[in-house]
Amino acid sequence: MSSLVPWLIGLGLMALLVVVIVVSRRKERERTEAMERVCIEMGFVFEPQADIDLLTSLGDLPLYKRGHSRRAKNMMTGRVGDDAVKVVNFQYTTGGGQHQHTSKQTVAVFPQVTRSLPDLQLAPENVFHKLGQVFGYQDIDFESNPDFSSRYLVRGPDETAIRAALYPETLSFFAEHEGWTVEIRSGTVGIYRAGQRSKPEDVRTFLEEAREVLRSLRRG
């Protein structure tokens with residue numbers, strides 16, 4: 001009887017794993033259906049699976065190169081005001097085996113909306129960034145707004161252009177609205193909160209907040 005215990009435990013674990021997978025897939029299917037309903041209500045075009053190469057062609061954001069097993073899902077394409085926009089759930093995995101982690105975020109991509117802003121990456125600063133600065137990791141600080149600089153990491157190939165583009169009003173906006181990541185490549189702007197997916201019922205709110213972030217970048 002004792003020899004059967006390991007087998008029974010193994011079968012139990014396998015059954016539990018199957019249940020978890022089935023429930024997870026059902027939830028993702030329900031999420032996709034809910035996202036499609038919201039998309040139709042907004043007058044946008046819906047794609048359950050998005051082409052990452054197409055997204056990259058619009059602007060090769062650093063997000064698209066992170067980790068492995070990258071996927072872009074539940075993409076909504078439409079217009080808000082005068083701007084074209086794509087709202088997409090983008091995920092990638094880091095590590096492997098028991099140590100792997102999948103990061104999922106809802107991203108608002110505004111394709112080629114501005115040529116006045118240089119390529120840059122603006123993201124919440126964490127302890128690893130601060131340690132990295134000791135070894136030469138780039139972080140453009142703004143002495144005029146130490147509150148902003150203590151909260152955000154700013155990187156990019158042209159520091160002079162970045163300093164000229166981020167007006168005092170823009171720095172104040174981000175100091176007051178923490179948690180946003182902004183990536184700009186060739187005029188395309190990606191805006192998101194790292195590791196956060198919007199619920200279907202919150203997509204409109206997320207998009208309006210992302211538009212406010214974009215407006216803050218255009219000020220000055």
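The values are calculated or read from the model by the stated rules, or taken from the named source; none is laboratory data. Just so we're clear, the structure is a prediction, and the values are computed from it rather than from any experiment. Positions of Cβ are backbone-derived with ideal geometry, glycine not excepted, and every protein chain shown enters the neighbour counts.
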- So, of the residues in region 189-211 that are surrounded by 20 or more Cβ atoms within 10 Å (Cβ to Cβ) and in contact with a Phe, Trp or Tyr (Cβ under 7 Å, 6 or more places away or on another chain), which turns out to be farthest from L122 (Cα to Cα)? S198
- Out of D53, D83, sole residue that is farther than 21 Å from G195 by Cα and without any contact (Cβ under 8 Å) to a residue 40 or more places away in the chain: D53
- Message: Of all residues being of a type in the set (A, V, I, L, M, F, W, C) and assigned to a loop (DSSP other than H, G, I, E, B) in region 91-121, which is modelled with the highest pLDDT? Just the residue, please.
- Response: L117
- Looking only at region 86-117, which residues are over 19 Å from the mean Cα position of the chain (by Cα), in contact (Cβ under 8 Å) with a residue 24 or more places away in the chain and loosely packed, with under 14 Cβ neighbours inside 10 Å? R115, S116
- Selection status of F46, more than 17 Å from the chain's Cα centre (by Cα) and either assigned to a strand (DSSP E or B) or modelled with pLDDT of 95 or more (or both): yes
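If a residue counts only when it is farther than 27 Å from G78 by Cβ and of a type in the set (K, R), which strands (runs of 3 or more DSSP E) contained entirely in region 152-220 have at least 1 such residues?
152-155
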- Task: From (1) under 23 Å from Q121 (Cα atoms); (2) in a strand (DSSP E or B), pick out the condition that doesn't hold for G78.
- Result: (1)
- Which condition does E159 not pass, out of (1) among the charged types (D, E, K, R); (2) under 22 Å from Y92 (Cβ atoms); (3) over 21 Å from the mean Cα position of the chain (by Cα), if it passes all the others? (2)
- Note on the structure: Across region 164-207, the tally of residues that are within 25 Å of Y92 (Cα to Cα) and in contact with a strand residue (DSSP E or B) (Cβ under 8 Å, 6 or more places away or on another chain) stands at 21
- The one condition E178 fails out of (1) touching a Pro at 6+ places or on another chain (Cβ under 8 Å); (2) surrounded by 13 or more Cβ atoms within 10 Å (Cβ to Cβ) is (2)
